[in-house]
Amino acid sequence: MSSPNMPLDLTIDGGALTARLVDFPSVSGDELALADAVEAALRAYPHLTVDRYGNNVVARTNLGRAERVLLAGHLDTVPIADNVPSHVEGDLLYGCGTSDMKSGVAVQLRLAATLTEANRDLTFVFYDCEEIEATRNGLGHLAAQHPDWLAADFAVLMEPSGAMVEGGCQGTLKVQVRLTGVRAHAARSWLGDNAIHHAAELLGRLTAYEPRRVEIDGLEYREGLNAVRIDGGVAGNVIPDECVVTVNFRYAPDRDEAGAEAHVREVFAGYDVTVTDSAPGALPGLAQPAAQAFLAATGGNARAKFGWTDVARFSALGVPAVNYGPGDPNLAHKREEHCSLSAIAEVEERLRAWLA
Ligand SMILES: [Zn+2]
């Protein structure tokens, strides 16, 4: 194992570079050393303009091409679980961040170093604090402070997607529905009005709810409206006067935040509804010319992304974005996290075919 403080060599192959990045710990909030190493490695290449904001590094070509493509990845990982340094077993590289998402970052770095005459202008974004609270997200900080650094016609977020193109992402809305009653002694319950019992009608609306399936740019999104928490009760001998049901709505990206809220309020007409959390979805944007060429180069297979990802931040800036990375999303954040070395090579090769 090489020392984490040695300079990063971007000429080694993608699997070896992934191992090198994994052996360079960068748990959220602790990305300074890795961001320094990434910045220093990129500054060695005269075809790149490199900018830095906090622990976020942005490298760009300025070739005067008609289109600009942005490749983004986060530098941080979840806490290490006795799985650093990395090790190889057959085709698999094990270690914290192999899938989520240092394999994607390795591919970005390899392409940044070697695509000196790309057919499109390229922007490479490396950011911090993706795995923790949204207010600390480096991509969010870049979008707020330096939106011009993120200007592009199309973006690829290299989060683990099993080397499949995952278009857009669903939005998420959380609401609390408050049910009220009248408190009383349980021995004289006729003097009260049980707020928990009022949840029955509300839950009935949820079980009867038929979620939409929506097709956008050929991808099918499946919505869901679900109770995710219920709070109520005072004591074992008291008729409760309050019950709060928390509901999460995961919605297709053809609805915006206001539309999603209006829909949920309509479903719960007559109830006291408070929005507690909201994040918009992102349209897949696969009709864009850059996206069409990307799909052709990556084999033409795309599926909808159901979870919320940072592609929505690009969408908010007017940049259509997809997820495409070599990692396996099912292994992210796991102790046995690993990534296929051949998938790393395949993703790099396909992106190179698209951009070279
Ligand atoms: Zn990730």
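The values are calculated or read from the model by the stated rules, or taken from the named source; none is laboratory data. Model, not experiment: these values are computed from the prediction. For neighbour counting, all protein chains shown are included, and Cβ atoms are generated from backbone atoms with ideal geometry for every residue, glycine included. Remember, those area values only see protein heavy atoms, side chains included, never the ligands or the DNA or RNA. Shrake-Rupley method; radii C 1.70, N 1.55, O 1.52, S 1.80 Å.
Spelling out what I want: for every residue of the stretch 104-110, take phi, set θ = phi - 60°, compute 6.51 cos²θ - 1.76 cosθ + 1.60 (Karplus), and round to whole Hz; glycine and proline get x.
Values per residue, Gly and Pro as x: x, 5, 4, 5, 4, 5, 4 Hz.
Tally up the carbon and sulfur contribution to the accessible surface of the stretch 16-132 as a whole percent, 1.4 Å probe, everything protein left in place.
51
Probe radius 1.4 Å, ligands and nucleic acids left out: which of GLU261, GLU117, GLU220 has the largest accessible area, and how do the rest follow?
From most exposed to least exposed: GLU117, GLU220, GLU261.
When the chain is treated as a GNM, springs tying every alpha-carbon pair under 10 Å, which of ALA279, ALA252, ALA321 comes out with the largest mean-square fluctuation?
Answer for the Gaussian network model of the chain: ALA279.
Using a 10 Å cut-off on Cβ atoms, rank the peptides 50-60, 200-210 from the highest mean neighbour count down.
50-60, 200-210
Name the residue, out of GLY233, GLY140, GLY29, whose mean-square fluctuation peaks in a Gaussian network model built on the chain with Cα pairs under 10 Å.
For the chain, modelled as a Gaussian network with Cα springs under 10 Å, the answer is GLY233.
Taking the Cα of GLN292, stepping 7 Å toward and past its beta carbon, and measuring to each backbone N in the stretch 52-94: which are under 18 Å?
66-69
If you scale each eigenvalue of the Cα gyration tensor by 5 and take the root, what three semi-axes come out for the stretch 1-76, rounded to whole angstrom and sorted largest first?
23, 15, 12
Pull up all non-local amide H partners of SER161: gap of 5 or more, or a different chain, and H-to-H distance under 5 Å with H placed in the peptide plane.
Result for SER161 returns GLY325, GLY327.
Quick one: what do you get for the stretch 90-231 if you divide its Cα Rg by 2.2 N^0.38 Å?
For the stretch 90-231, the normalised Cα radius of gyration comes out at 1.68.
Roughly how much of THR172 is accessible, in Å² to the nearest 10, using a 1.4 Å probe?
20
Per residue of the stretch 119-124, in order, report the coupling 6.51 cos²θ - 1.76 cosθ + 1.60 (Karplus, θ = phi - 60°) as ³J(HN,Hα) in whole Hz, putting x for Gly and Pro.
Calculated HN-Hα couplings, in order: 7, 9, 5, 10, 10, 10 Hz.
Along the stretch 87-102, what does the Karplus equation 6.51 cos²θ - 1.76 cosθ + 1.60 (θ = phi - 60°) give for ³J(HN,Hα), rounded to whole Hz, x for Gly and Pro?
Listing the rounded values in order: 8, 9, 10, x, 8, 10, 9, 9, x, 5, x, 4, 7, 10, 8, 6 Hz.
Name the residue, out of ASP76, ASP328, ASP277, whose mean-square fluctuation peaks in a Gaussian network model built on the chain with Cα pairs under 10 Å.
Top of the fluctuation ranking is ASP277.
Sticking with the crude label model, points 7 Å out along Cα→Cβ, report the distance from ALA134 to ALA151 in nm, one decimal please.
Label-label distance for ALA134 and ALA151, simple model: 2.7 nm.
So between ALA356 and ALA258, what do we pick up on full extension, going 0.36 nm a residue minus the alpha carbon distance?
Result: 31.2 nm gained on full extension.
Need one number for the stretch 16-152: average projected area of the convex hull over its C-alpha atoms, nm².
Orientation-averaged projected area of the Cα hull: 8.3 nm².
Under the √(5λ) rule applied to the eigenvalues of the Cα gyration tensor, what semi-axes describe the equivalent ellipsoid of the chain? Give them in Å, descending.
44, 23, 18
For the chain, report the accessible area per residue in Å² (1.4 Å probe, heavy atoms, rounded to an integer).
Heavy-atom SASA per residue in the chain reads 42 Å².
How much space per residue, in cubic angstrom, does the convex hull of the C-alpha atoms of the stretch 247-295 take up?
Per residue, the Cα convex hull of the stretch 247-295 comes to 83 Å³.
Using the Kirkwood formula on the Cα atoms of the stretch 256-356, what hydrodynamic radius do you get, in angstrom to one decimal?
Taking the inverse mean of 1/r over all distinct Cα pairs, the stretch 256-356 comes out at 16.6 Å.
Share of antiparallel DSSP beta bridges in the chain, in percent to the nearest 5?
Around 75 percent antiparallel, to the nearest 5.
Say a paramagnetic label sat at a point 7 Å from the Cα of ASP272, along Cα to Cβ; which residues of the stretch 150-187 have their backbone N under 18 Å from it?
Output list for this probe position: 175-184.
Students often get this wrong: which residues of the stretch 163-197 have the backbone nitrogen under 20 Å from the point 7 angstrom along Cα-to-C-beta of ARG205?
Once the point is set 7 Å along Cα→Cβ of ARG205, 172-182, 194-197 turn out to lie under 20 Å by backbone N, inside the stretch 163-197.
Check ALA321: other-chain or 5+ apart residues with amide H under 5 Å from its amide H, H built from backbone geometry?
ALA155, GLY168
Can you pull the accessible area of ASP256 for me, 1.4 Å probe, Å² to the nearest 10?
90
Cα centroid distance between the stretch 295-309 and the stretch 82-121, in Å?
First find each Cα centre; the distance between them is then 19 Å.
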